[in-house]
Amino acid sequence: MDSKGKIYEAIPKIMAEVGAVAKGHKNPQQGYQYRAIDDVMGALQGIMAKHGVFVFPRVSTERTEHVKIGQKGTPMVHVFLVIEYRFCAVDGSEVVASAPGEAMDTGDKAANKAMASALKYVLTQTFMIPTSDPKDTELASPELSPQDEAAMDHNGEQEPAF
């Protein structure tokens, strides 16, 4: 088998077994439903192990800034990461996928949160994990204000505000 072999066989097998992961959690501040990283990892961990697939993360881009939010000016650490994930098979074959992760925290957890966010999205996209939520993101698309509509150029791209 060539060097691409086992990883290219294993990923479709994992996709076939994993199934949907529900949005079983609710954000208390904004009220939206989401699926937690632990739910996604829980759905995949045994299946990935069964097929001999493991993953190594590597941060390729990192940006950290200190910001203040809200009317009280609460200090937060804002972290933006791009992480490359190497999905490897036991024969040494691999594929690489990248995902962004972004988070804010008042303490020392912003990078951890950004890494969890990136991992959740690279896993759900790599293995095409659906939610059990029937809503499509196209169901409710925001409409531009008349001012923004007028600012659009002929290519459908908004003119820069500067």
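Taken along the Cα-to-beta-carbon direction at a fixed 7 Å, the label points for Asn112 and Gln45 span 1.6 nm. The charge dipole of the range 1-136, taken about its Cα centre with unit charges on the Cβ of Lys, Arg, Asp and Glu (plus for the first two, minus for the last two), comes to roughly 320 debye. Dividing the alpha-carbon radius of gyration of the chain by the rule-of-thumb value 2.2 N^0.38 Å gives 1.29.
Using a Förster distance of 22 angstrom, determine the FRET efficiency expected from the C-beta separation of Val95 and Thr64, and round it to 0.05.
0.15
Taking other C-beta atoms within 10 Å as the exposure proxy, Arg35, Arg63 rank Arg63, Arg35 from fewest upward. Annotation: the residues Leu119, Leu81, Leu144, sorted from fewest to most other C-beta atoms within 10 Å of their own C-beta, follow the order Leu144, Leu119, Leu81. As a proxy for reagent exposure, Phe87, Phe80 were ordered by neighbouring Cβ count within 10 angstrom, fewest first; the result is Phe80, Phe87. Only helical runs count toward this figure. For the chain, summing -39,500 (n - 2.57) over DSSP H runs of n ≥ 4 and dividing by all residues gives -10000 deg cm²/dmol at 222 nm.
Coordinate-derived values only; no laboratory data. All of these numbers come straight from a predicted model, not from anything done at the bench. Quick reminder, even Gly has a Cβ in these numbers, built from the backbone with ideal geometry, and neighbours come from all protein chains shown.
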